[in-house]
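These notes are about the structure you will find just below.
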Amino acid sequence: MDGERHGFGEAQCACKLDLLPQFRGEEIDVLEHLDRLPPDPILGVMAAFRADSDPHKVDLGVGVFRDDAGETPVMKAVREAERQVLARQTTKTYVAAVGNAGFNEAMERLVLGQGHAALGSGRLRTIQAPGGCGALRLGAELIRAAAPDAVVHVSTPTWANHVPLLSNCGLRLERYPYFDPATGGVAFEAMLGALDRLPPRSVVLLHASCHNPTGADLEDGQWRELLGLVRRRSLLPFIDIAYQGLGRGLAEDAYGPRLFCAELPEVLVAVSCSKNFGLYRERTGALHVLSAAPAAADAAVSQLMRIARGLYSMPPDHGAAIVHAILTEERLRGSWEGELEAMRIRIQQLRTAAVQRLAAACPRKDFGYIARQRGMFSYLGVDVQAVRELRERHHVYLMDDSRINVAGLRLDNIGYFAEAVGKVVGA
Ligand SMILES: Cc1ncc(COP(=O)(O)O)c(C=O)c1O
């Protein structure tokens, strides 16, 4: 099919009156009245980066891990698991609405850790989801089914996509303070103060680790304090864990979900395998639901199956089968953990190197917080004018709110990046 002739091209999309001659006067006009929406900001940054032919260009926009060569390669453990999965596969028939049972169980153990009290309790259920986004949407739909008037409270700031994922099903969203730009850390007192005023049964969305977009994480002691508040005020925690292993380590990054699932009657945990297994396009994730009693857990999973049927029916198999193989085969698991650790160390080295080079290039501004933050993201802490100047004059691409993907840096271009920042913010 020729996209231009059939109206999919740029020119035809732009104006609803600009119909092709052969369709003028015809009466099917349902789609003709759609407004054209602006592109997602991240797509704009990606497109501008691609169109830039400067050899020094630096992509700090899109949130994918990159190696020293600037690539996002398939992990070795994933390649090997993939070979095994394909060799074993005898059918392409559907898996099940809840997905691959072995994967679901392995994900419970990965997130909560072997021997966690919730594992044998009969209160925990897991549904495979199309990525962390799918898990977040399933969780939101479950909350909506259980409590249509529930309000979900998200951090200021939070990952932009949390907003449509959690509110498109009709739930109301509110904000709680989270980030303190003065320290580059969590504004913990302000956060506690706001959450302490919420009515019972409010839902609180928490980032387990590697907060997107700030990189500012709760410390273990702060998770414990938050637990007391959540319990006292009868709040429902909904934890998003999309970067397990890329912050402090596999167990450390799951401290919050492990603690909350051990201590509370009800918790939702949305998990993504996109970053820590590098499975982005395979759409691999899971939603864990902890209920107060086994009967309530059964009811929740029955609801989730109905929700999944109405959204996408059955989850994709490939990524989940790969993760299952990696997590259950000792050699593959060891190889994956080693690769993940190397990714984590690389990010931390880049953070330290960025702080050193930025300190030399712009000594008047303190960027030390970048080394204390975790995961792929940090704010550069410059205004939108500076962001545009970085893009247009120095070919350094970051988001308008100054979020940078630290993993987009390379040891050989950190100097260039820091000097560009120095020129923009003033040495
Ligand atoms: C905070 C956060 N949650 C969830 C996700 C879900 O990712 P995916 O749907 O690709 O697994 C992402 C991805 O960028 C994220 O940053």
If R0 = 41 Å, then Arg393 and Glu219, at their Cβ-Cβ distance, give a FRET efficiency to the nearest 0.05 of 0.60
If I model a spin label as a point 7 Å beyond the Cα along the Cα-Cβ vector, how far apart are those points for Lys423 and Val64 in nm? 2.8 nm
When the chain is treated as a Gaussian network with springs between alpha carbons less than 10 Å apart, the largest mean-square fluctuation among Gly113, Gly221, Gly61 is found at Gly221
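With an 8 Å cut-off on Cα pairs and a minimum separation of 6 or more residues, tell me the relative contact order of the chain in percent.
Working: 743 pairs, mean separation 102.6, N = 427.
Reported relative contact order: 24 percent.
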Give me the number: length gained by fully extending Arg36 to Ala342, i.e. 0.36 nm times residue separation minus the C-alpha to C-alpha distance, one decimal in nm. 105.8 nm
Output ordering of 44-57, 141-154 (per-residue mean of other Cβ within 10 Å, highest first) is 141-154, 44-57
Compute the separation of the alpha-carbon centres of the range 17-72 and the range 75-105 and state it in Å as a whole number. 32 Å
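Please give the net charge around Arg393, taking every other residue with its beta carbon less than 11 angstrom from that of Arg393, where Lys and Arg add +1 and Asp and Glu add -1.
On the way: positive: Arg388, Arg391, Lys423; negative: Asp54, Glu389, Glu392.
For residues surrounding Arg393, the net value is 0.
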For Gly285, which sequence-distant residues (separation of 5 or more, or a different chain) have an amide H within less than 5 Å of its own amide H, given hydrogens modelled in the peptide plane? Ala129, Gly131, Cys273
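With a Förster radius of 45 Å, plug the Cβ-Cβ distance of Asp18 and Ala150 into 1/(1 + (r/R0)^6) and report the FRET value to the nearest 0.05.
0.55
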Backbone N under 16 Å from the Ala292 label point (7 Å along Cα→Cβ), restricted to the range 189-213: 200-203
Distance between the range 135-173 and the range 318-342 - C-alpha centres, whole angstrom: 31 Å
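We did not get these values from a lab; they are worked out from the coordinates using the rules stated. From a predicted model like this one, the values you see are computed outputs, not experimental measurements. Ideal geometry is used to build each Cβ from the backbone, glycine not excepted, and the neighbour counts take in all protein chains shown.
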